[in-house]
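The values are calculated or read from the model by the stated rules, or taken from the named source; none is laboratory data. Model, not experiment: these values are computed from the prediction. All Cβ positions, even for glycine, are placed from backbone atoms using ideal geometry, and neighbour counts span all protein chains on display. The accessibility values were calculated without ligands, DNA or RNA, using every heavy atom of the protein model including side chains. Shrake-Rupley method; radii C 1.70, N 1.55, O 1.52, S 1.80 Å.
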Amino acid sequence: MRNYKDDFEFFKNSDNVYLDSAATTQKPYSVIEAQSDFYKKYCANIHRGLHTLSNSATKMYEDARALCADFINAKSSKNIVFTKGVTEGINLLAHSLSGYKTVIISSLEHHSNIVPWQLSNKNIKVIELDSELNIDYASYEKLLFENPNSLVSITHISNVFGNVNDAEKITNLAHRYGCLVHIDGAQAGAHIKVDVQKLDVDFYTLSAHKIYGPTGVGLLYGKFELLEQMRPYQGGGAMISDVSFESSTYLDPPLKFEAGTQNISGVIGWAEAIRYMNSLEFDEVILHEEKVYSYALKSLKNLNDIVIYTDAKNLKSALSFNIKNLHHEDIGALLDKQGISVRTGHHCALPAMKMLGLDGTIRISFGIYSDEDDVNRFMMALEKSIEILRRYK
Amino acid sequence: MITENLKAIVDELSLFDDALEKYEYIIELGSLNADFEDSYKSDKYLVKGCSSSVWLYCTEVENKLFFHSDSNAMIAKGLASIICKVYSGSSSKEILDSDVKLLENLNLSEIITPVRQNGVASMQRYILKFAKDFEDGC
């Protein structure tokens, strides 16, 4: 049985039980080395220079774009705009995409899929959830019927509860009502084999740092004809074909959306993360992750006074819970002092928390390197934390 | 009075080498603090800037101020108890004349996160405001 932890230097240096991969994942050796090598051996700016180093950096950057396109089965690297991450991808859409007034979102969205639409003065319509916190399709269709030609923007996997949305069904329904679809893949990229052509989504966003890549880099996938119609997001160098004091013309997508010097080392590091993912048997990864998730869920369910908010069939990546009459922050702090990293609070999903009447939850989330031993150590520490808190309650 | 109160808590906290034991002591301090009247659990007495809900109010006996706190989280309640303990029993002038950096002696930065440190700073600001209002006759 392969121990994925061996691929990550972090676990050589730390005994921490890291259960916060939905916030950011650890990075494989190859990613760290690729970024370091870029600065040590061939640091140069891309696209503009004529010298060998610049050409070499440009080739690596564009090769990474092609690799990203393959990773989500996009038709071409022209569909891939590099961004800082999902948040910037959605802000780009909110700023640059026109022709719609309303955005249909789900009740479980991250703030990054709410606030950009408010900033661009869009009407927001919210799909209701069923008792397992899955999308209520009757509510969804009603909104589509009432708001045709809107933009649907929904997370692929809830960052709070781990519910996996059926992106293909969401997209097919939306298209029937003339709506465009964006899927936020922040939590999905590491846990689902994304195929944007099969899903037929119009836009898809990813953050590299949640898929074993560096922070500060991500992508917006878009159908090319839509990217062509969109206005540039930011102006500056590297995105123009001509500039005069009177007016400017822009390059074709994706370059017209990449003004200024990009996160070159981040993109090159991300390419290594994708190569790492490609080197694995993805079916085995999925099986391993499902096993660890089920084990954690089963272990938690054995605890007295546990509150788990969904019993949905398709859960991945993140698992939220509370212990009755104890504050999530107290549990999180005591876990931390026992070497267990979890996330506590509202998880950047305040509307979802308010809807469920919660101040917050304790969230554990998994990466490829998470294993049953992590879960066992977490459970021991959790039981000890509860015991301490109950003693003084 | 403030210095003595502070020293007593610093001495007690220094008895624990282990961070978990230190937390347990903080939680225990909070659990022993039962002088909070529930009628003060309102927005007026809610300390803004804490990640959990902390309420804090002040009473006066013979020109000495006494601070009372509660929280919906046990560690926050313990931390609030510590801060109240440091300042309680002093006059408003003593509180206002005290060094605002004196809480650094608790070395809380070693055991609590920056978010919680901000919460502690907010509690201290509320206490100083109570003292100032009392001094001004508000």
Subset of region A:290-307 (residues that are under 18 Å from A:A381 (Cβ atoms) and either of a type in the set (S, T, N, Q) or open to solvent by 40 Å² or more (accessible area, probe 1.4 Å) (or both)): A:Y295, A:K298, A:S299, A:K301, A:N302, A:N304, A:D305
Considering each of B:E135, B:E28 in turn, give the residue that is within 14 Å of chain A (Cβ to nearest Cβ), surrounded by fewer than 17 Cβ atoms within 10 Å (Cβ to Cβ) and not hydroxyl-bearing (S, T, Y). B:E28
Which numbered condition in (1) farther than 19 Å from A:G162 by Cα; (2) surrounded by fewer than 23 Cβ atoms within 10 Å (Cβ to Cβ) is the only one that A:E272 fails? (2)
Out of B:L56, B:L79, B:L128, B:L65, sole residue that is within 14 Å of chain A (Cβ to nearest Cβ), at pLDDT 90 or above and within 15 Å of the chain's Cα centre (by Cα): B:L79
Scanning region A:347-371 residue by residue, the ones that are among the polar types (S, T, N, Q) and either away from chain B (no Cβ under 14 Å) or assigned to a helix (DSSP H, G or I) (or both) total 2
Among the candidates A:D311, A:D374, which residue alone is away from chain B (no Cβ under 13 Å) and either touching a strand residue (DSSP E or B) at 6+ places or on another chain (Cβ under 6 Å) or without any contact (Cβ under 8 Å) to a residue 12 or more places away in the chain (or both)? A:D374
Output the number of residues of region A:252-265 satisfying the condition of being out of contact with any Pro (no Cβ under 9 Å at 6 or more places or on another chain) and either without any contact (Cβ under 8 Å) to a residue 24 or more places away in the chain or surrounded by 13 or more Cβ atoms within 10 Å (Cβ to Cβ) (or both). 7
Please verify whether A:R231 is under 23 Å from A:S96 (Cβ atoms), in contact (Cβ under 8 Å) with a residue 40 or more places away in the chain, open to solvent by 20 Å² or more (accessible area, probe 1.4 Å) and not hydroxyl-bearing (S, T, Y), treating the condition exactly as stated. yes
Any idea which residue in region B:4-23 is farthest from the chain's Cα centre (by Cα), counting only those that are open to solvent by 80 Å² or more (accessible area, probe 1.4 Å) and within 14 Å of another protein chain (Cβ to nearest Cβ)? B:D17
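For region B:87-114: of the residues being part of a loop (DSSP other than H, G, I, E, B) and either touching a residue at least 24 places away in the same chain (Cβ under 8 Å) or open to solvent by less than 30 Å² (accessible area, probe 1.4 Å) (or both), which is farthest from the other protein chains (Cβ to nearest Cβ)?
Looking at the filtered set, the residue picked out is B:S91.
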Of everything in region B:35-53, what is within 14 Å of another protein chain (Cβ to nearest Cβ) and in contact with an Asp or Glu (Cβ under 9 Å, 6 or more places away or on another chain)? Give them in sequence order. B:S51, B:S52, B:S53
Residues located in region A:302-328, provided they are within 20 Å of B:I75 (Cβ to Cβ) and among the basic types (K, R): A:K324
Leading residue by the ranking (farthest from A:S107 (Cα to Cα)) among those in region A:148-175 that are among the polar types (S, T, N, Q) and in contact with a Cys (Cβ under 8 Å, 6 or more places away or on another chain): A:N149
Given the options A:T344, A:T361, name the one that is under 20 Å from the mean Cα position of the chain (by Cα) and open to solvent by 40 Å² or more (accessible area, probe 1.4 Å). A:T344
State the number of residues belonging to region A:194-220 that are aromatic (F, W, Y) and either over 13 Å from the mean Cα position of the chain (by Cα) or surrounded by fewer than 13 Cβ atoms within 10 Å (Cβ to Cβ) (or both). 1
